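**Student:** Can you keep this structure in mind? I'll have questions shortly.
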Amino acid sequence: MMENFSAKEAEFDERVLKMATATDEFEGYLNPHATRLAALSDVLAMQFNLASHDRYSLRQAAFVHDVGEAVMNREYIKTNRMLRPEERVDMQRHPIIGEQEAAKRGLNRAVQLLVRWHHEWWNGAGYPDALEGTQIPLAARILRITDTFSAMTDTRPRRAAVSEAEAKRYLTQWAGIEFDPKIVKAFLALKNLEELKSFAAERENLLAV
């Protein structure tokens, strides 16, 4: 059983949880995305022996990673279609805006930078700074993987949830390209965690009613 970080984080920073809930609602997640992401990220952080203060920053970054999207408040985020090229370019501004918003809310510099870099790719093809390999902090590399998995296995306006197996297959295929291969290997070794379960089956059951 994983520790309930939703309740734990509320003890010392309720504002962060409120930001997470508002962002999840804005993005159209049917289930709590940020709290799930924080829990999975923390499990991996422990496996890589991150210090307690780095784990703290990672959990907070997980809660607010997409606050930039909510601040931008673009209608296309809620639409049931693929983004147009100009919208995709606009969307790639959200990590920088998120970094700025995290600073305004008084979150520490580590949190700000993790928010900025959670879309960087292992091969340097990510954004906004095209960092590559170990130029990307370990916590940001963890966040990239857990965010992808959590997003893929939950339903959003533009995309239905995929199965746990499909999401893991995607991580495997993109290891060494989008994701740090060592972290992918560690993630795939995780077992018997509630947060790993896909919501795809839940969606199919609702549609069948």
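The values are calculated or read from the model by the stated rules, or taken from the named source; none is laboratory data. Note that the coordinates shown come from a computational prediction; the quantities given were computed from them, not determined experimentally. Cβ: placed from backbone, ideal geometry, glycine included. Neighbour counts: every protein chain shown.
**Student:** Please count how many residues of the range 78-108 are surrounded by 15 or more Cβ atoms within 10 Å (Cβ to Cβ) and among the hydrophobic types (A, V, I, L, M, F, W, C).
**Tutor:** 6
**Student:** In the range 161-185, which residues are assigned to a helix (DSSP H, G or I), over 17 Å from the mean Cα position of the chain (by Cα) and either surrounded by 19 or more Cβ atoms within 10 Å (Cβ to Cβ) or not basic (K, R) (or both)?
**Tutor:** A165, E166, T172, Q173, P181
**Student:** Which ones in the range 54-69 are crowded, with 22+ Cβ neighbours inside 10 Å and not β-branched (V, I, T)?
**Tutor:** Passing the criteria: S57, L58, R59, Q60, A61, A62, F63, H65, D66, G68.
**Student:** To continue, here is another question. Going residue by residue through the range 109-120, is there one that turns out to be of a type in the set (D, E), surrounded by 23 or more Cβ atoms within 10 Å (Cβ to Cβ) and part of a loop (DSSP other than H, G, I, E, B)?
**Tutor:** yes
**Student:** When you check S150 against the structure, is it within 26 Å of A70 (Cα to Cα), outside any helix (DSSP H, G or I) and modelled with pLDDT of 95 or more, yes or no?
**Tutor:** no
**Student:** Could you check A140 against (1) surrounded by 17 or more Cβ atoms within 10 Å (Cβ to Cβ); (2) over 17 Å from the mean Cα position of the chain (by Cα); (3) modelled with pLDDT of 95 or more; (4) of a type in the set (A, V, I, L, M, F, W, C) and say which number it fails?
**Tutor:** For A140, the failing item is (2).
**Student:** Let me ask something additional. Could you check Q47 against (1) under 18 Å from R144 (Cα atoms); (2) surrounded by 15 or more Cβ atoms within 10 Å (Cβ to Cβ); (3) in contact with a helix residue (DSSP H, G or I) (Cβ under 8 Å, 6 or more places away or on another chain); (4) not small (G, A, S) and say which number it fails?
**Tutor:** (2)
**Student:** Report whether or not K197 is among the basic types (K, R), surrounded by 17 or more Cβ atoms within 10 Å (Cβ to Cβ), within 17 Å of the chain's Cα centre (by Cα) and at pLDDT 90 or above.
**Tutor:** Spelling it out, it is not the case that K197 is among the basic types (K, R), surrounded by 17 or more Cβ atoms within 10 Å (Cβ to Cβ), within 17 Å of the chain's Cα centre (by Cα) and at pLDDT 90 or above.
**Student:** Would you pick out the residues in the range 24-38 that are surrounded by fewer than 23 Cβ atoms within 10 Å (Cβ to Cβ) and in contact (Cβ under 8 Å) with a residue 40 or more places away in the chain?
**Tutor:** Hits for the range 24-38 are F26, E27, G28, Y29, L30, N31.
**Student:** G133: out of contact with any Asp or Glu (no Cβ under 7 Å at 6 or more places or on another chain), farther than 28 Å from E75 by Cα and of a type outside the set (A, V, I, L, M, F, W, C), yes or no?
**Tutor:** Answer is yes for this residue.
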